[in-house]
1. Over the chain, what percent of the accessible surface lies on carbon and sulfur atoms, probe 1.4 Å?
2. Ranked from the most accessible area to the least, with a 1.4 Å probe and all protein chains present, what is the order of R179, R85, R57, R124?
3. Work out, in µm²/s and without decimals, the Stokes-Einstein translational diffusion coefficient of the stretch 105-166 at 4 °C, 1.567 mPa s, Rh from Kirkwood over C-alpha pairs.
4. Going through the DSSP H helices of the chain, which span 18 Å or more along their own axis at the Cα atoms while scoring at least 1.0 as a mean Kyte-Doolittle hydropathy?
5. Give me the percent of DSSP beta bridges within the chain that run antiparallel, rounded to the nearest 5.
6. I need the calculated FRET efficiency for the pair L19 and A219, taking r as the beta carbon distance and R₀ as 45 Å, to the nearest 0.05.
7. Pull out the extension gain between K197 and T209, defined as 0.36 nm times the separation in residues minus the alpha carbon to alpha carbon distance; nm, one decimal.
8. Rounded if a/c is under 1.5, else prolate if a/b beats b/c, else oblate: with a ≥ b ≥ c from the C-alpha gyration tensor eigenvalues square-rooted, which is the stretch 25-175?
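The values are calculated or read from the model by the stated rules, or taken from the named source; none is laboratory data. Predicted model, so just to flag it, every value in this text is computed and none were measured. Cβ coordinates were reconstructed from backbone atoms using ideal geometry, including for glycine residues, and neighbour counts include every protein chain displayed. Each accessible area value is taken on the protein alone, full model and side chains, heavy atoms only, with ligands, DNA and RNA left out. Shrake-Rupley method; radii C 1.70, N 1.55, O 1.52, S 1.80 Å.
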Amino acid sequence: FFGFFYYFRELVALLQERLLLGGLAFTILVGVLPIGNAMSGEVSFINVGQGDAILIRDHFTSVMIDTGGNLSFDLAQEVDIPYLRKNRIYKIDYLIASHGDFDHIGAAQSLSQHFHVSHYVSERESFPLRCGDLTFTNYNLWGGNEENEESLVLGLDFLGKKWLFTGDAPIEIEKKIIREFPGLDCDILKVGHHGSKTSSSYDFLKAITPQIGIISVGAKNKYGHPDDEVIKRFEELGIPLRRTDQEGTITYQTYFSRPLGNLFA
């Protein structure tokens, strides 16, 4: 009896040990592999300080609009790439440059050197651009003499919402857009030019009726962004604002095609 007792006790302990080691190995595997990415999608406004960097990921298809840029350090290696790797993203299928300003695309060269970037897009002629199941439409058909007038204004239907990423497009471009596309609207607006008063005209905001505005901006920046006049304009129209200088990186995500929590409140 005692012989069988000790034999089976050791057998059970061995089974428990194997189950524990198997569970530990599975946990590590889940942590390393992008398993969650296979079942989710996201739009993240990465906190790059004074600049823009937006990640759009649909399962394993990843697109970035701008990279940010900083003259004091390598923003790609210090911010962009650590963020991507932390979120188990190992390649960028399309890197889209909204326009040529350094605070938008200054980190692109370093990002391309130290990370897998499949395609680089900067020309209006490339749109509409299809990336997997994502389709980006550019609404700035005109451009201009100044760099900001060249800024792409990109629309995307994703996560059950209409997104509008306006880069640094100024009011003159906004006027042309609402004349050419009178039915254009959006749910979530990337506020133009970091909340500068050169963008986000009253007529533009009233026409596109966003539910929320996202301002990508550096804390205590020397430009005074976002401008008080612009903030007041959003308040008057009842459009809430979120800011990367206050919240850090702002992420909207779905899992199994359902929103995670009250993301769009």
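1. Values: 7540 of 13830 Å².
Roughly 55 percent, rounded to a whole number.
2. The residues order as R179, R85, R124, R57, largest area first.
3. On the way: Rh = 13.3 Å.
Reported coefficient: 98 µm²/s.
4. 2-32
5. Working: 28 of 44 bridges.
Here the antiparallel bridges make up roughly 65 percent for the chain.
6. Values: r = 49 Å, r/R0 = 1.09.
Once the sixth-power term is evaluated, E becomes 0.40.
7. Values: separation 12, 0.36 × 12 = 4.32 nm, distance 1.82 nm.
Fully extending the segment from K197 to T209 adds 2.5 nm.
8. Numbers: a/c = 2.29, a/b = 1.47, b/c = 1.56.
Oblate shape, in that a/c is at least 1.5 and b/c is the bigger or equal ratio.
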